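Heads up, the thing below is written out as structure tokens.
The values are calculated or read from the model by the stated rules, or taken from the named source; none is laboratory data. Everything quoted here is computed from the prediction, not taken from an experiment. Methodologically, a virtual Cβ is constructed for each residue, glycine included, from the backbone with ideal geometry; neighbour enumeration extends over all protein chains shown. Ligands, DNA and RNA are excluded from the accessible area calculation, which covers all protein heavy atoms including side chains. Shrake-Rupley method; radii C 1.70, N 1.55, O 1.52, S 1.80 Å.
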Amino acid sequence: MRILITAGPTREFIDPVRFISNSSTGFLGYELAKAALRRGHKVTLISGPTPLTPPKGVKFVPVITALEMRAAVNRFYPSSDCLIMSAAVADYRPAAPVGKKIKKTKEILTVRLKKNPDILLEAGKKKGKRILVGFALETENLIANAKEKLRRKNLDFIVAASLRGKNNPFGDKKSHFVIISREGKVKKVVCDKRKLSNIIIDNAESIH
Ligand code: C5P
């Protein structure tokens, strides 16, 4: 398969040197790319800023903002058989980014935010025969919320992780994940990201 993988956070600029972002490490997306390469798939990795080195053999497309990531996905999606959207796309961006560095003169500074496009939702509307995989991080109602996302975004399966209690799905440690299929099958796994990546590629191959 030609597999398109997105990874890492995006940065949404307030001014030329300040941005809003999130805690994504990009680790899962890069592990997914390695797992897919090991199985002989052709891999394009679209990545937000991370300190990780792209695996040898991928077509690497670095991006910074959500809008850049959307443009890159739109460019490679038509020629892909599978999209694995593991990037933590920022949901909002500053509505009116300032061209010059903001001075610290105001006691209270307000930044208005505008909703970013949902890249996966857009991809789901033109799914065709492609396999679509999404992720969900939730603090409550993990399975119900993940199932709703799976349906709304027209996915083949979704990988959900809880942000509750001690479970920390960021980085490379073992944590709890739930994989939910389009047919509603729910599989719980406890593993690290390398193992999780193998399971995700297995699942995509079994649908293809
Ligand atoms: O709706 P929520 O952000 O929880 O959905 C997460 C899934 O949607 C992830 O797979 C993420 O990569 C994708 N997403 C996206 N574009 C956004 C926000 C999330 O493609 N603007």
Report summary line: Across 146, 96, 33, the residue with the highest GNM fluctuation in the chain (Cα network, 10 Å cutoff) is 96
Query - Å² of accessible area per residue within the range 2-207, as computed with a 1.4 Å probe and no ligands counted - result: 55
Report task. Would you work out what percent of the accessible area of the range 2-207, with all protein chains in place, is carbon or sulfur (probe 1.4 Å)? Result -> 52
**Report entry** Largest to smallest principal axis extent of the C-alpha atoms in the chain, angstrom
**Finding:** 57, 37, 32
Report summary line: the chain, Gaussian network, Cα under 10 Å: of 150, 109, 121, the residue fluctuating most is 109
Report summary line: So the angle from the long Cα axis of helix 27-38 to the longest Cα principal axis of the chain, reported in degrees to the nearest 10, equals 40
Requested in this report: Rounded to the nearest 10 degrees, what's the angle between the helix 193-207 long axis and the longest principal axis of the chain, both from Cα atoms, 0 to 90?
Outcome: 60
Report task. Evaluate the relative contact order of the range 2-207 (contact order divided by residue number), counting alpha-carbon pairs under 8 angstrom at least 6 apart; express in whole percent. Result -> 21
Query - Choice from 108, 143, 131 with maximal GNM fluctuation in the chain (Cα, 10 Å cutoff) - result: 108
Report task. For the chain, find the longest principal axis of its Cα atoms and tell me its angle to the long axis of helix 142-152, 0 to 90°, nearest 10. Result -> 90
**Report entry** Those trypsin sites (Lys or Arg not before Pro) in the range 57-106 that DSSP places in a loop and that have at most 16 other beta carbons within 10 Å
**Finding:** 100, 101, 103, 104, 106
